[in-house]
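Quick notes on the structure that follows.
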């Protein structure tokens with residue numbers, strides 16, 4: 001781009017200079033042949049005026065950027081001498097006319113960022129590209145993470161969470177909930193029924209164990225079977241009675257024991273110490289430590305394996321998430337309004353908050369440029385158009401000179 005501007009500028013500069021040289025050549029030729037051909041006086045007058053106009057405009061254009069012919073004439077080399085002032089004025093111009101809060105707010109108000117973003121994001125190919133980029137980035141992200149730090153992080157967080165649990169409070173709350181309105185009776189009844197069923201299934205084994213344990217004299221008298229049957233009958237009757245009678249003394253005693261345990265659980269320092277010791281043994285248990293140590297390794301290996309798979313599950317989920325966000329924004333006008341309001345407010349705060357810094361940056365940047373750099377940059381940007389000024393000055397000067405000479409001939 002800079003090379004193209006330089007070529008265009010150089011081409012127009014040569015054209016303007018060539019036109020001025022041509023006018024000088026025409027002036028010389030006209031003067032030589034004017035005595036023989038008086039009509040050439042008109043040509044000479046036009047060429048002479050064209051040279052005056054061309055030289056005057058060359059001086060004006062050149063004086064902007066440097067001293068014409070190297071002569072330090074007053075009010076020449078305007079841009080190099082006023083570089084810092086130009087930078088300050090440019091900074092103020094940008095700050096006042098481009099970064100004013102009301103101008104930015106007015107411009108932002110006309111832009112629907114949310115709908116544009118939603119349409120941009122809704123293109124399937126774009127969603128696949130974003131998902132693939134994120135998938136390609138995953139291995140680098142995982143490689144940058146220190147495995148040992150992650151393992152310590154997981155273990156420390158699990159330990160902290162376990163220690164934060166108020167075990168007496170949790171267990172006590174559960175017990176209170178069960179004891180409220182005797183809800184626990186249903187649990188006790190179910191446990192007794194399950195115990196009775198289990199006892200029924202293992203009666204033969206129990207009977208045999210009782211027989212094996214009875215004295216030899218009972219076996220000789222053949223009463224070992226009666227002993228085992230009576231014992232089993234007693235247990236059967238007891239379980240049935242406990243199961244069918246919620247007000248049984250044993251069940252009431254069990255209730256009282258539970259209530260006493262809940263009180264002790266919440267108030268006894270010994271219980272609190274035991275719970276804390278139990279939690280400490282849990283988090284420091286070698287099995288838990290070993291599991292947590294391998295957890296991150298397994299997660300990392302799973303992510304890497306999935307990222308390398310032709311049909312990555314993670315990529316599919318990312319694409320679905322992107323499509324969901326796009327469709328959600330397209331369908332939800334309220335969400336778009338909220339997003340637009342947030343974006344516009346944020347952008348306005350950021351831009352207007354930095355407007356002075358931006359202006360200061362422009363001024364300081366121009367200040368740190370050397371004069372030759374500033375002159376070159378401006379000359380490359382506007383120099384081509386300024387060469388048209390030289391060309392126009394030459395042409396207009398020639399036309400005016402021709403008209404003046406015509407008037408002089410006709411009138412005087």
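Below are the figures for this structure:
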{"read-out": "Percent breakdown of C-alpha pair distances by 5 Å bin, ordered from the shortest bin, for segment 265-392", "value": "2, 7, 6, 6, 6, 6, 6, 8, 8, 10, 12, 7, 4, 3, 2, 2, 2, 1, 1, 1, 0"}
{"read-out": "Spacing of the two label points (7 Å from each Cα toward its C-beta) at residue 409 and residue 342, in nm", "value": "8.1 nm"}
{"read-out": "Computed over segment 9-133: relative contact order in percent, which uses C-alpha pairs under 8 Å that are six or more apart", "value": "12 percent"}
{"read-out": "Net lengthening on full extension, residue 259/residue 21 (0.36 nm per residue, minus Cα-Cα)", "value": "74.1 nm"}
{"read-out": "Per residue convex hull volume, Cα atoms of segment 1-126, in Å³", "value": "251 Å³"}
{"read-out": "Theoretical gain in end-to-end length, residue 146 to residue 130 [0.36 nm per residue, Cα-Cα removed]", "value": "3.2 nm"}
{"read-out": "Isotropically averaged projected area of segment 42-100, using the convex hull of Cα atoms (one quarter of hull area), nm²", "value": "6.1 nm²"}
{"read-out": "Extension gain from residue 245 to residue 106, taking 0.36 nm per residue of separation minus the Cα-Cα distance", "value": "42.0 nm"}
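A short reminder: the numbers here are calculations on the coordinates, not readings from a lab. A quick note: this is a predicted structure, and the numbers were derived from the prediction, not measured. Cβ atoms come from the backbone with ideal geometry, glycine included; neighbour counts cover every protein chain shown.
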